[in-house]
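Written below as structure tokens is the structure these notes are about.
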Amino acid sequence: MMLGRDQVLLWWSRCCLVWLSLAVMAVQGLADAPPSPTQKAGLMWNRTGLPAVFPLQVKTSSGLDYRVTLIDAATGAEALAAYIEGGAFFKVLVPPGRFEIHFAAGRTWQGEGLAFGPGDETQRFVLPEPLTFAVRDFSTKAGHLIDLTDVDLDGDKEITVAERLICQRLRLVNFPRRQAPFDASDPLQEVLPDQRDDLISPDRYRAVDDSDDARGPVVPTNHAPYFSRPEFDVRKRLC
């Protein structure tokens, strides 16, 4: 049976209305769905109150993201957490202490409560032994490198851990130099008459204190040169 022109137009209008209604419902569903939280790679929080100065580097493969959490091995308290983007370079500084290292892995971050999602969507594992972050020999900061690039989350976990040491040393950047004797325009050119026999080279960087109950600056005569104070900076390198 052949449909008339008016019937075809009516049928086509009804189809368009149905498609439009479905499209509106889909858009409303997307609008009502809670947005997936985003998390930048790097430090999430540090709850120890201690300065974070020791290196923790983690190597990963692309495909999964990770959250690493440090748990105090003595108290069980959460110390620090950081987010790792799979396959990207990652290093974070952590506070001193001995910590259990907990990992959560998954594809889509859902927030602190769910991590990467409920059930099998979040895969969790812990390093077999706690790691210690501390200063050694007064000049070496001992951290760690954890390699997860060969980890099989569905089977054996091929995790390798190595020390990551940072050596520090002082470098002299300004040598002590012999200075010229005081001249008449120098504000420290003051000689105390009763101490003329005990004059020593002064610390030019020391504040002048002329109070009666404090020892004032003792300055040399114009025949006694003095030396400037040396300056140092701290150099760091992997060792």
Response to the item:
Taking 74-86, 42-54 and ranking on average Cβ neighbours within 10 Å, highest first, one gets 74-86, 42-54
Fill in: Antiparallel content of DSSP bridges confined to segment 46-144, in %, to 5
95
Worksheet item: So how strong a dipole does segment 61-159 carry about its Cα centre when Lys and Arg Cβ are +1 and Asp and Glu Cβ are -1, to the nearest 20 debye?
Response: 440
Discussion item. Suppose accessible area is computed on protein heavy atoms with a 1.4 Å probe; arrange 107, 136, 124 from highest to lowest.
Written reply: 107, 124, 136
Worksheet, complete the sentence: The correct ranking of 40, 236 by accessible area at 1.4 Å, largest first, is 40, 236
Worksheet entry | Theoretical FRET efficiency, 1/(1+(r/R0)^6), r = Cβ-Cβ of residue 166 and residue 107, R0 35 Å, to 0.05 | 0.55
Worksheet item: Using modelled backbone amide H atoms (1.01 Å from N, in-plane), which distant-in-sequence or interchain residues come within less than 5 Å of residue 116's amide H?
Response: 110
Worksheet item: What number comes out for the charge environment of residue 41, summing +1 per Lys or Arg and -1 per Asp or Glu over other residues with Cβ under 13 Å away?
Response: +1
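The values are calculated or read from the model by the stated rules, or taken from the named source; none is laboratory data. What you are looking at is a predicted structure, and each value in this text was computed from that prediction instead of being measured. Here the Cβ is made from the backbone with ideal geometry for all residues, glycine too, and neighbour counts use every protein chain on show. Each accessible area value is taken on the protein alone, full model and side chains, heavy atoms only, with ligands, DNA and RNA left out. Shrake-Rupley method; radii C 1.70, N 1.55, O 1.52, S 1.80 Å.
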